[in-house]
Amino acid sequence: MEFKVGKLTDIEKEVLKDFRFSDEPMEGMISVKAMLDPAEMHSLIERLKDTFQTDSDKVAASVFMKRYAFLAVVALYTITAWNKKLDIRPENIYFEPPSAEPKWLPKFFLENKQTEEFTKADRQTLLREGVSELFAGHINPIIERLAKTTGLSKLILWENTAIYLMWLYESKLENVPNADYDLDFLFKKAEGSLFGKYNRNPISKFYYEKTYVDDLDEMVRIRQTCCFSNLTGEKAKRCKTCPCRKLEMEGKCSNGPENVCDAVRSLT
């Protein structure tokens, strides 16, 4: 099936800037393709440890993935809101280098900004292709390399990605016609092979109903793994969705990334 080649409009580029899209390259930007090299990834982790003010490779990798997941937000927003698919191949993507600011959140530059545009008739085909290119072709290689470099559980890295997909569809795209279908496809219908060499969809286990938490007095979706953000210099306390808030009160949390806590072990 052939699709119409198009481009992002100026208005669309402005919208995507809220999700860290950059229309122009920035000094020192890092090539994603180069980062997949073991030595380059190790070098990046060392820089990230300085940025996040941590001595732990695992903490740096986890927090980086939470920030890097905004690339998936850019790609999926474009598909769902405008029926356009970006060129998301690693060799086409560059991201802003780490800075000395602990709140560092990278911007992303696409060398080729052409899009594939599709109609209602061929939408399902392009959605599948877009999901496969984004996850099997891009996010999964990043997760694999981070896990091999630092020893961090891939469960944490996948949940760090999944939380922003849920945030995107439940807050930023909630009134868009295709949003419910695409959210359902991502978390319930998409087979594991669209995310990499998986028999089962690796993010489906993270999508479930929010629950009421007494001490927060609100409905939240409690994570199944701890992201270790509380171990960075920026943040000294746990996220309100952290599963270890309760585990810690019960004396069941390891309080650190070097041992797999009950929250992670229960998924394996």
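When +1 charges are put on Lys and Arg Cβ atoms and -1 charges on Asp and Glu Cβ atoms, the dipole computed for segment 4-206 relative to its Cα centre reaches about 560 debye. When DSSP beta bridges are limited to those with both residues in the chain, what percentage is antiparallel, rounded to the nearest 5? Around 90 percent of the beta bridges assigned by DSSP in the chain are antiparallel ones. By other beta-carbon atoms within 10 Å, ranking Glu101, Glu14 with the fewest at the front produces Glu101, Glu14.
When the C-alpha to C-alpha distance is required to be over 29 Å, the pairs from Lys154/Lys240; Lys148/Lys172; Lys103/Lys197 that qualify are Lys148/Lys172; Lys103/Lys197. Each residue of segment 80-88 was assigned a 3J(HN,Hα) from its phi angle through the Karplus curve 6.51 cos²θ - 1.76 cosθ + 1.60 (θ = phi - 60°); the sequence is 6, 7, 10, 6, 10, 10, 7, 7, 9 Hz, with glycine and proline shown as x.
When shorter helices are ignored and each DSSP H run of at least 4 residues is given -39500 (n - 2.57), the per-residue value for the chain at 222 nm works out to -11500 deg cm²/dmol. Cross-link reach is defined here as a Cα-Cα straight distance under 17 Å, omitting same-chain residues fewer than 8 places apart; for Lys120 the lysines meeting it are Lys4, Lys84, Lys85. Note on the chain: GNM, Cα springs under 10 Å; of Ser62, Ser99, Ser43, the largest mean-square fluctuation is that of Ser43. When segment 4-206 is described by a simple charge dipole with +1 on each Lys and Arg Cβ and -1 on each Asp and Glu Cβ, the residue from Ile79, Pro97, Leu8 located farthest towards its positive end is Ile79.
If I build a Gaussian network model for the chain, linking alpha-carbon pairs within less than 10 angstrom, which residue out of Glu40, Glu27, Glu129 has the largest mean-square fluctuation? Its mean-square fluctuation being the largest, the pick is Glu27. Counted by neighbouring Cβ atoms within 10 Å, the residues His42, His138 run from fewest to most as His42, His138. In sequence order, segment 189-197 has phi-based couplings of 9, 5, 6, x, 5, 6, 10, x, 8 Hz under the Karplus curve 6.51 cos²θ - 1.76 cosθ + 1.60, θ = phi - 60°, and Gly or Pro positions carry x. In plain terms, the residue of Lys197, Lys17, Lys84 with the fewest other Cβ atoms within 10 Å comes first and the most crowded comes last, giving Lys197, Lys17, Lys84.
Per the Kirkwood definition applied to all pairs of different Cα atoms, how many angstroms is the hydrodynamic radius of the chain? This gives a value of 19.2 Å.
Rounded to the nearest 10 degrees, the inclination of helix 140-150 to the longest alpha-carbon principal axis of the chain is 30 degrees.
Dipole magnitude for segment 21-137: about 520 debye, using +1 per Lys or Arg Cβ and -1 per Asp or Glu Cβ, origin at the Cα centre.
Specify which residue in the list Ser171, Leu48, Phe228 is farthest towards the positive end of the charge dipole of the chain, using unit charges on the beta carbon of Lys, Arg (+1) and Asp, Glu (-1), about the Cα centre. Of the options given, the answer is Phe228.
Using Cβ point charges alone (K and R +1, D and E -1), the dipole size of segment 173-224 about the Cα centre works out to roughly 520 debye.
Throughout, read-outs are computed from the coordinates displayed, never taken from laboratory work. All figures in this text were calculated on a predicted structure; none of them were measured in a lab. With ideal geometry, Cβ positions are generated from the backbone for all residues, glycine too; neighbour counts draw on all protein chains shown.
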